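A short worksheet on the structure shown next.
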Amino acid sequence: MAKTELNRNTETETEIEVEDSSSLKGTLASVFLLGFILIVTWVSVYSLFLDRS
Amino acid sequence: MHLHKFEKIWLIFGIGSLLVFLTVLGVSAFYLGNQPPSCLATIDPEKVDTQAPFNEPGLKKVEGKEWEYELVFVASAFNYTPGEVQIPKGAKVKVIATTKDVIHGFEVAGTNVNMMLEPGYISELVYTFNKTGEFLVLCNEYCGVGHHMMTSKIEVVE
Ligand SMILES: [Cu+2]
């Protein structure tokens, strides 16, 4: 007979969190990469506007 | 509340660049006076042809204003009046335009003159033509089957 799996999650959940998630180096790098892309595009469009006026 | 050191760095960076962008826009709007081309001046689109300045489209010299010329354009499906105009080099021109029917665009290719013409509204923009040559005026708001053929020409001469 099939068993219900209702109780399964509660026990395994604590074991998944073993990876070290405190390092934010990758996040920092990607945040700044995105930030610089935004700044470069904004500045280039605005300087194009100023150059044409 | 505990914040990771990196989180503080990118929050400061993000908020800082937002402030820089907004300051530049604020100076541009409130100090340099840049505003949207259509700024609440209205007109009855059915009576465009009979009302000044649209009863005489084209370039006109004006005195005692911040600009030297006024360039009046009337757009309708699918052409501009005038179809061609000459402007002396270095002239500070106020472009005044409106439409008689649907929404049209008014873009002078290669310059900052780019505005939307809405029925019932007058669009205005001041621009100094510092480069000689031929400039294509084109419609960049889809207005119907003849949209791609809707053009005019501005010639900047010495
Ligand atoms: Cu069009």
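The values are calculated or read from the model by the stated rules, or taken from the named source; none is laboratory data. Since the model is a prediction, treat every value here as computed from it, not as a measurement. FYI the Cβ positions are ideal-geometry reconstructions off the backbone, even for glycines, and counts take in every protein chain you see. To get the accessible areas, we keep the full protein, side chains included, count just its heavy atoms, and leave off ligands, DNA and RNA. Shrake-Rupley method; radii C 1.70, N 1.55, O 1.52, S 1.80 Å.
Quick notes
- The one condition in (1) assigned to a strand (DSSP E or B); (2) within 16 Å of the ligand (Cβ to nearest atom); (3) under 16 Å from B:Asn79 (Cβ atoms) that B:Ile154 fails to fulfil: (2)
- Matching residues in region A:44-53 - criterion: being open to solvent by 70 Å² or more (accessible area, probe 1.4 Å), facing chain B (nearest Cβ under 10 Å) and part of a helix (DSSP H, G or I): A:Leu48, A:Phe49, A:Leu50, A:Asp51, A:Arg52
- Any chance B:Thr151 is more than 13 Å from the chain's Cα centre (by Cα), open to solvent by 50 Å² or more (accessible area, probe 1.4 Å) and farther than 15 Å from A:Ser53 by Cα: yes
- Strands (runs of 3 or more DSSP E) fully within region B:16-76 counting 3 or more residues that are touching a residue at least 60 places away in the same chain (Cβ under 8 Å) and in contact with an Asp or Glu (Cβ under 9 Å, 6 or more places away or on another chain): B:38-42
- Close pairs from region B:102-120: first within 18 Å of A:Tyr46 (Cα to Cα) and in contact (Cβ under 8 Å) with a residue 60 or more places away in the chain, partner within 13 Å of the ligand (Cβ to nearest atom) and of a type in the set (A, V, I, L, M, F, W, C), Cβ under 8 Å, at least 6 apart: B:Met115/B:Phe106
- Only one entry in B:Glu46, B:Glu68, B:Glu84 is assigned by TED's automatic domain parsing to the domain that holds B:Val113, in contact with a Lys or Arg (Cβ under 6 Å, 6 or more places away or on another chain) and farther than 20 Å from B:Val126 by Cβ, namely B:Glu84.
- Qualifying residue in region B:52-65 (condition: closer than 29 Å to A:Ser47 by Cβ and surrounded by 14 or more Cβ atoms within 10 Å (Cβ to Cβ)): no
- Once region B:77-96 is narrowed to residues that are open to solvent by less than 30 Å² (accessible area, probe 1.4 Å) and more than 20 Å from B:Val48 (Cβ to Cβ), the residue that is nearest to the other protein chains (Cβ to nearest Cβ) is B:Val93.
- Of the residues making up region B:97-121, just one is surrounded by 21 or more Cβ atoms within 10 Å (Cβ to Cβ) and either in a loop (DSSP other than H, G, I, E, B) or away from the ligand (no atom under 16 Å from the Cβ) (or both), namely B:Val113.
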